[in-house]
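Engineer: Dropping the structure in here first, questions after.
The values are calculated or read from the model by the stated rules, or taken from the named source; none is laboratory data. Worth saying up front: this structure is predicted, and the values here are computed from it rather than measured. So basically every Cβ, Gly included, is an ideal-geometry build from the backbone, and we count neighbours across all protein chains shown. The area values use the complete protein model at the heavy-atom level, side chains included, leaving out ligands, DNA and RNA. Shrake-Rupley method; radii C 1.70, N 1.55, O 1.52, S 1.80 Å.
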Amino acid sequence: MFWLMVLYGRMGKEVVSSLEDSKSLKFICGLDRNNKNIYSVPVYSDPAKINEKVDVIIDFSHVHSTLKILEFAKEKHIPLVIATTGFNMEQEKIIEDYSKYLPIFKSANMSFDINLMCKILSELAPLLSGSDIEITETHHRNKVDAPSGTALLLANSINESLGNKMKYVYDRHDLSKKREDNEIGFTSIRGGNIVGEHTVQFFGPYETFEIKHTSYSRSVFAEGALKAAEFIVNKPNGLYSMNDLVK
């Protein structure tokens, strides 16, 4: 049995709910900036006050919260699952540097099917080279980052399979020119309570190929995060991803 700490928020609550069926992980404490204790375990607003023995941390928070918890995880040498998105290149480098001192599992999307979609796209893109590629993602109205981390994950899978020659275009509003070759365009839609929907389209001169993934429940991401926690808890220092778990 491993003792688990969860960083709260909407997805943190999903993780706690999913833990009820876990035989290898037990919820021991939480971390939430609002310090809302709705469970029978302690919930802290400051990681410095945590006294419980924690074996692994699941982070579904915000970028700046993740950067703060990295120092706590390094000091205590606690494996960390990062499911937060929206990091810039400098912040990604910080996480990579911290992985030299502790095991970190990081994925922009904890869904197995999304990662299968990445694999399919990496094999499909070279076969459809020359197509115009567009990625459309739709999420609930409270999602902060755009495009979503998952949209970038899908784009990176395509880009890597094409020799990293693609240029990402996030906003055509100010572009008074025709589309260039080697572009991947992004469209972000925010509204309602949609969990997540991602569509990748390959536009050819006479036909369009489309692949789409829709999430109906946040529990799929919670289950993936728990699998990641079980995977990372006894691993050596380093940066791990869903690809390592899938293998």
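Engineer: Would you check the accessible area of Leu153, probe 1.4 Å, heavy atoms only, in square angstrom rounded to 10?
Structural biologist: 50 Å²
Engineer: Once you order the gyration tensor axes a ≥ b ≥ c over the Cα atoms, which shape class does the chain get: rounded for a/c under 1.5, otherwise prolate or oblate by comparing a/b with b/c?
Structural biologist: prolate
Engineer: Ranked from the most accessible area to the least, with a 1.4 Å probe and all protein chains present, what is the order of Ile94, Ile69, Ile211?
Structural biologist: Greatest to least solvent exposure: Ile94, Ile211, Ile69.
Engineer: Taking Cα pairs under 8 Å and at least six residues apart, what relative contact order does the stretch 149-247 come out at, in percent?
Structural biologist: 16 percent
Engineer: Once phi is turned into θ = phi - 60°, what whole-Hz ³J(HN,Hα) does the Karplus curve with 6.51, -1.76 and 1.60 give for every residue of the stretch 145-155, x standing for Gly and Pro?
Structural biologist: Values per residue, Gly and Pro as x: 7, 8, x, 5, x, 5, 4, 5, 4, 5, 5 Hz.
Engineer: As a test question: what accessible area, to the nearest 10 Å², does Met117 have when a 1.4 Å probe is rolled over all protein chains in place?
Structural biologist: 10 Å²
Engineer: If you fit an axis through the alpha-carbon atoms of helix 63-76 and take the longest principal axis of the Cα set of the chain, what angle between them do you get, 0 to 90°, nearest 10?
Structural biologist: Its long axis makes an angle of about 40 degrees.
Engineer: A follow-up question, please. Keeping all protein chains in the complex and leaving out DNA, RNA and ligands, what accessible area do you get for Lys177 with a 1.4 Å probe, in Å² to the nearest 10?
Structural biologist: Lys177 exposes around 120 Å² with every protein chain in place.
Engineer: Please report, in debye to the nearest 20, how large the charge dipole of the stretch 1-147 is about its Cα centre when each Lys and Arg carries +1 at its beta carbon and each Asp and Glu carries -1 there.
Structural biologist: 580 debye
Engineer: Do you know the relative contact order of the chain, to the nearest whole percent, from alpha carbon pairs under 8 angstrom that are 6+ apart?
Structural biologist: 23 percent
Engineer: Just by accessible area at a 1.4 angstrom probe, what is the order of His198, His213, His62 from largest to smallest?
Structural biologist: The ranking, largest first, comes out as His62, His213, His198.
Engineer: Report the FRET efficiency, 1/(1 + (r/R0)^6), for Ile94 and Ser241, where r is their Cβ-Cβ distance and R0 is 25 Å, rounded to 0.05.
Structural biologist: Computed FRET efficiency for Ile94 and Ser241 comes out at 0.90.
Engineer: Another question, then. Residue by residue through the stretch 166-180, which ³J(HN,Hα) values in whole Hz follow from phi under the Karplus form 6.51 cos²θ - 1.76 cosθ + 1.60 (θ = phi - 60°), with glycine and proline marked x?
Structural biologist: Each residue's phi maps through the Karplus curve to give 7, 10, 8, 10, 9, 8, 9, 4, 9, 9, 9, 7, 6, 4, 8 Hz.
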